[in-house]
1. Quick check on my filter: what residues within the stretch 216-237 are open to solvent by 20 Å² or more (accessible area, probe 1.4 Å) and aliphatic (A, V, I, L, M)?
2. For residues in the stretch 50-73 being farther than 15 Å from ALA439 by Cβ and not hydroxyl-bearing (Ser, Thr, Tyr), which is most open to solvent (accessible area, probe 1.4 Å)?
3. Please find, within the stretch 390-420, the residue that is nearest to GLY57 (Cα to Cα) out of those that are of a type in the set (D, E, K, R) and surrounded by fewer than 19 Cβ atoms within 10 Å (Cβ to Cβ).
4. Does the stretch 255-267 hold any residues that are acidic (Asp, Glu) and in contact with a strand residue (DSSP E or B) (Cβ under 8 Å, 6 or more places away or on another chain), and which are they?
5. Determine whether ARG362 is modelled with pLDDT under 80, surrounded by fewer than 19 Cβ atoms within 10 Å (Cβ to Cβ) and closer than 30 Å to ALA208 by Cα.
6. Out of ARG392, ARG385, I need the residue that is in contact with a Phe, Trp or Tyr (Cβ under 9 Å, 6 or more places away or on another chain) and over 22 Å from SER81 (Cβ atoms). Which one?
7. Do you know which of the residues in the stretch 164-178 that are within 19 Å of GLU112 (Cβ to Cβ) and open to solvent by less than 60 Å² (accessible area, probe 1.4 Å) is nearest to the chain's Cα centre (by Cα)?
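The values are calculated or read from the model by the stated rules, or taken from the named source; none is laboratory data. Keep in mind that what you see is a predicted model, and the values were worked out from it rather than measured. Here the Cβ is made from the backbone with ideal geometry for all residues, glycine too, and neighbour counts use every protein chain on show. All accessible areas refer to the heavy atoms of the entire protein, side chains included, with ligands and DNA or RNA removed. Shrake-Rupley method; radii C 1.70, N 1.55, O 1.52, S 1.80 Å.
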Amino acid sequence: MRVHEAIVAVLRDVGVDVIFGGAGEESMGMQIAVAQAEGVRGIIPKHEQNASFMACGYALFSGKLGVCFSTAGPGAFNLMSGVCVALNGSLPLIAITGYATMAYDGRGQANETSGLVHTPNSKMVWDAVVKKDATTGEPANYLITKVEDVVPIMHKAVEVALTGRPGPVQVAVAWNITAPTLQVTNYSPPQIDRRPVAPNPAEIESAAAFLAEAIGAGKQTVLWAGYGAIRAGAGPEVRTFMERYQVPLVTTMDGKGIVAEDHPLAMGLFCDSGHKSAWQVFLDSDVVVALGNSFSQHGTFDFRPDLFENRKLVCINVDPEELDKYYKADYGIVGDAKLAMAALLEALDGRVGPVPPKSFRRAGFDLQKVMDRVVDLAPKIHPGRMIEAISRMLPERGVVIADVGVHMGFAAYYLALRDGQNFRKPPSYGPMAMGTTGALGGEMCGARPDRDRDRRRRLLSDVGLRAHHRSPAQHRGDLGDLQRWRVQADQALPARHLQRERADLVRQSRLCRLCPRLRRRRLCGRHSARLREGAHRRPGVGAADPDRRQDQPPRPAAFQRESRRPPRQPLGQGDETESVAP
């Protein structure tokens, strides 16, 4: 098999069934290999940045390895935003990029990024945005220059991207090894150990002893869950811990939905634009168990130095760097969130007696009937009222993904999720368009085939149309049936298009009346072709195309423009001016 065929085969063997890429000379082999591979679908967006965002969305929604590819040079650099999202958001991703001919480095060849003689240095750029290889400590940025290295490097790239804390890896393929005559003869399927990181028993024992003493002494404990808990699928363990020991739950935006928000112990978002009920229980707490939490700026109120003052912090994270990144953990557990919580529950069992039911919801609890306090600014819809309607219509296992902006805060605050539903947003790196394009990557390309797509697409289109076309008389009502708005929107676009086309034709007709010389000029675009063929002439007016014999069929549009022109005529003389019916 050829070089790119071997690359696609490795990706397919680890479960990748959708690959997103950008067209280009150095990526043509990848396009062909994806098109010919069975069980793999290729998506070619209009820009490489979209490809990287779609790959992130695919990884975010499916849990599989996201893959994007591009040509060399500027095409590869266009993948950067998506790669940064994967690095910041712990998403497994591989970026396959082209690279110019190695023998020509330093000569100023096309798309060269060797860093020599005033050319960009792609190695330095990629080193800054990819995950580090845990075994070597070096950035997972690989350049394939030999055919025999294709399979080993791809095996290594897949392993680094998927194991431990997931992240992005870059693989560049030199142009000189992609010739059809060069064949990969050492292919073998990858053998990747994808078992989650098991926690250290000593760390579990230490944290369990402390928590058993604190809970037994009646100290208030709060569980603060982040995206790591959702990615690990720790929902059942979190719920068991809450109910067994009567521990209230607060979440980050990324941890929203780990447990249904109508659960009596769910207190909402603890972050900027969060819920009052969440920070009230946090302020009253003596112990905080942070599960899969990266302590971002918005989640820690601009990194308040007194956040854990007079509180003990138990931190559970798959990445050891998170334990003491800014807030020093009193008890740290390195491991997968699901496995760590299960081990912690087992270690606590028998050490703590029955805990009586507790209620942490005070008068005026702001997670129920929050829309009663919304004041509509007529005639426009209030964002909170729209999000409430989305909550009611969201299907089972529905996912709401918000893009970067103030609307993300509205969505996280007002969205009420039930069991199996989730909320997604871009990580703190925060590029715009990640939400919309990532949703396309995750949903349109089959990452969640078990979902009711038709219902959700109706929901999203209805909400979007009502938000833009809501009438003053309806500004306080429900979203309801929007078929009439959809029909009007569908009819408006072609109508405007026809009006513009008609205006262009009238303008050309007036110019021809003013200057007969213009009627011989070949006007660009489809309007000029239709004018020459007489599609818009009045009966009996205008002459036949002088450049075409009467016995010839009409020329295709691609060959309409020729260098031969008719003889010039004195100004003001000639045939009747072509006219276009208004």
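1. Passing the criteria: ALA217, ILE230, ALA232.
2. Filtering the stretch 50-73 for residues farther than 15 Å from ALA439 by Cβ gives 63-65, 67-73.
Of the ones still in play, those that are also not hydroxyl-bearing (Ser, Thr, Tyr) are 63-65, 67-69, 72-73.
Working: GLY63: 32, LYS64: 75, LEU65: 4, VAL67: 0, CYS68: 0, PHE69: 3, ALA72: 1, GLY73: 6 Å².
In this case the residue turns out to be LYS64.
3. ARG397
4. GLU261
5. Yes; evaluated as a whole, the condition is true for this residue.
6. Of the residues listed, the single one that is in contact with a Phe, Trp or Tyr (Cβ under 9 Å, 6 or more places away or on another chain) and over 22 Å from SER81 (Cβ atoms) is ARG385.
7. First, pick out the residues of the stretch 164-178 that are within 19 Å of GLU112 (Cβ to Cβ): 170-178.
Next, only the ones that are open to solvent by less than 60 Å² (accessible area, probe 1.4 Å) stay: 170-174, 177-178.
Numbers: GLN170: 18, VAL171: 21, ALA172: 23, VAL173: 25, ALA174: 28, ILE177: 32, THR178: 30 Å.
Among them, the one singled out is GLN170.
One line per residue, one yes/no per condition, for (1) over 11 Å from THR178 (Cβ atoms); (2) surrounded by fewer than 19 Cβ atoms within 10 Å (Cβ to Cβ); (3) at pLDDT 95 or above:
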| residue | (1), (2), (3) |
| --- | --- |
| GLY15 | yes, yes, no |
| VAL18 | yes, no, no |
| ALA23 | yes, yes, no |
| ALA33 | no, no, no |
| GLY39 | yes, yes, no |
| ILE43 | yes, no, no |
| HIS47 | yes, yes, no |
